[in-house]
1. From the helices alone, meaning DSSP H stretches of at least four residues, give me the mean residue ellipticity at 222 nm for the chain, per-run term -39500 (n - 2.57), in deg cm²/dmol to the nearest 500.
2. Quick one: what Rg and Dmax do you get for the stretch 341-404 from the alpha carbons, in Å?
3. Can you pull the Kirkwood radius for the stretch 87-173, inverse mean 1/r over Cα pairs, to one decimal in Å?
4. Divide, for the stretch 305-375, the radius of gyration over alpha carbons by 2.2 N^0.38 Å, where N is the residue count.
5. Just report the Cα centroid separation between the stretch 327-392 and the stretch 63-131, whole Å.
6. May I ask for the distance between the Cα centers of the stretch 154-174 and the stretch 178-197, given as a whole number of Å?
7. Shape verdict for the stretch 128-225, please, from the Cα gyration tensor: rounded (a/c under 1.5), prolate (a/b greater than b/c) or oblate.
8. Beta carbons within 10 angstrom, averaged per residue: use that to sort the peptides 209-216, 224-231, highest first.
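Derivation of every value follows stated rules applied to the coordinates shown; laboratory data play no part. This one's a predicted model, so the numbers in the text were calculated from it and none came from an experiment. In this analysis, Cβ positions are derived from the backbone assuming ideal geometry, glycine residues included, and neighbour counts consider all displayed protein chains.
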């Protein structure tokens, strides 16, 4: 007899199929079934979702799981524990590991760890350049054959425009998306935070938004030139948003992502010199924050991602200019997005979930992010109204470097299912 799960009486929201209604959802042998047989219904295990939202598992195409080489911060196991606790069932991990993912062997090493240790679906990316040094192209075809889902030097930005053009031409030939961290390094040497009134007041070296805008403009031009798909990562600047808005109108093959922290926080948060507010690109002004939100609402930005970037307490607990950039984000993402976008009245719950499910999946042609008949039963169930405190006991990854540490957020994952199997429930990871 087939194994059936009946998720009962939840508010099912599936943006890809324009569904938003209270109904039962059935999973049979790890797949969504919209018309189960009577025998399957009679034999089903029941999961009561009354008063809860049932949605496709969330999809994050920008995370750092730090394996290999930096597993004191995070690894595939702990990173996917955090993902499951945050409702994410698919994650795309960046290649700035140690060693970096610039060859098929390292990709295979990561794939082996994924098969042994991952609780959710994890897909690796490969580097644009050897060593992420920005000087010589990595073997892009070999990286794709080894399983790289996209190409990026995330954490660094290729400064040589001719080299970037060649990378785009190759990736267009191999039908690979190039994901780019947009930073003109000549403008950011020694920079700690956004360049502006707050950086002057705090006496810290500023990071101008122009450093992002220049590379976004470069990428638009090169995408037009080559036809390649460029996905610009963690956009933070109002200037970049205006460039993307115009490029979209012209039909340029470019997509972009917003981060929850850039929609919720500003450079004023740095006044206490707390390194948990130090990130790359940096928190910017209130005008930039509002521009990022508007960019999502008008389609200039396509998706939400987290840039989950774990660091240890001792790495962050030092002078602000010495601390590493980056914060964790998988477990706090949904609650922050609900607060900034939904409860503020700017976007419907379905719109927020679209930016976190089928839209990121579509950017990289992933078969995830929907509750369509026959789809793999990757599901998250959450209470949009439940309050919870962010602390070391409620977080499930290895690191706790978040600006929301000690804060209360509203909106909590109650269960996460991968292939129809519960991997997170009752605020605990369910070991296989």
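1. Working: 14 runs with 126 residues, N = 432.
Calculated from helices alone, the mean residue ellipticity at 222 nm is -8000 deg cm²/dmol.
2. Cα radius of gyration and Dmax of the stretch 341-404 are 15.1, 40 Å respectively.
3. On the way: mean 1/r = 0.0764 Å⁻¹.
About 13.1 Å, per the Kirkwood formula over Cα pairs.
4. Scaled against compact globular proteins, the figure is 1.48.
5. 21 Å
6. Between the Cα centres of the stretch 154-174 and the stretch 178-197 lies a distance of 19 Å.
7. Judged from the Cα gyration tensor, the stretch 128-225 comes out prolate (a/c at least 1.5, a/b above b/c).
8. Per-residue Cβ counts within 10 Å, averaged per peptide and sorted highest first, yield 209-216, 224-231.
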